[in-house]
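Here's the structure we're looking at; comments come further down.
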Amino acid sequence: MPRAAPKRSLPLNAQTILLVVGVFLLSSILWAQATRIVLPWQEQPLRVWMLNVGQGDAFFIEFPTGEQMLIDGGRDDALLAKLGSLLLPWDRTIDSILMTHPDADHVTGFISLLDRYHIDHIYETGAIATTPQGRMIVERVENEAAIVSLLSAGDVIEIGEVVLSVVWPQETYEGTEVGDRNNTSLVFLLTYGDTSILFTGDAEEEAEQGFMGDVGNMDVLKVGHHGSLSSTSWDLLEILRPEIALVSAGEDNPYGHPHPIIMSRLEQWKTAVFRTDFQGDILLTSYGGEPKVQSSPLPF
């Protein structure tokens, strides 16, 4: 009786290739799920990530045009890990970064970023800090082949249908060490259709009194100075009446941010609060109507 022919197996090289391809496809699917990729034939939304970088600020914006912007970079290299979850491994270009002010918990992450990524455009007020991080960021900006624009109230950035309107400070500070860095933070209003977001950096009540006459009701407020008692005054909330508040603060941080009084004020206005210290990374999505905000922790 003839014996059955043995089953032929794939050569080892073919098996290896199939395994690599399989891992790549699986990784791509997981990455796509994590970053909420929209396929080319679908309408592209505005996405605003409030990244969980500990006690600091870092926001990553993907515009409907496909352009990208970082607003502040946090206090360490946590930003790089977050970008590893949001960008393809070979993507080493970011269209623009915006530095609200040169405090370490807002710019330190940009030091390593500028070493590893190509940046086309840098927005700032020009204010400097004579701290180690401040000196290093000035050096990196000078060495980067990027357009540098100094912003002040009245300046406007248009990216497709998204408009960023600067409302504070009243002047630029090119090469100047300012005594009160928080109150010279870049404050700007982002609008996209019916979506409105006010980014406040670390602006405190003194600055709020200066720009509150230039803003009105708002969908979303990025709470100033990580929820410090010195920011988010009752007067400002009465003008903004925000539906949603974003708080970037480190878990169990030593400053007690966000302050219970600020949280109470937001509760009295029935504002939905999203916090990085409680919920991790936060994703805002808008197609030009009412924005959708949800907790959306990234893999790294």
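Numerical summary
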read-out: Residues located in the stretch 71-127, provided they are among the polar types (S, T, N, Q) and touching a residue at least 60 places away in the same chain (Cβ under 8 Å); value: Ser85, Thr100, Thr125
read-out: Pick from the stretch 65-75, criterion over 17 Å from His118 (Cβ atoms) and either small (Gly, Ala, Ser) or buried (at least 20 other Cβ atoms within 10 Å of the Cβ) (or both), ranking: farthest from the chain's Cα centre (by Cα); value: Arg75
read-out: Sole exception among (1) surrounded by fewer than 18 Cβ atoms within 10 Å (Cβ to Cβ); (2) over 21 Å from Leu98 (Cβ atoms); (3) at pLDDT 95 or above for Leu266, by number; value: (1)
read-out: Matching residues in the stretch 219-238 - criterion: being without any contact (Cβ under 8 Å) to a residue 60 or more places away in the chain, hydrophobic (A, V, I, L, M, F, W, C) and surrounded by 19 or more Cβ atoms within 10 Å (Cβ to Cβ); value: Leu221, Val223, Leu236, Leu237
read-out: Residue among Val148, Val156 that is among the β-branched types (Val, Ile, Thr), at pLDDT 95 or above, under 11 Å from Ile97 (Cβ atoms) and surrounded by fewer than 19 Cβ atoms within 10 Å (Cβ to Cβ); value: Val148
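The values are calculated or read from the model by the stated rules, or taken from the named source; none is laboratory data. Just so you know, these numbers come straight off a predicted model, no measurement behind them. Every residue, glycine among them, receives a Cβ derived from its backbone with ideal geometry; neighbour counts consider all protein chains shown.
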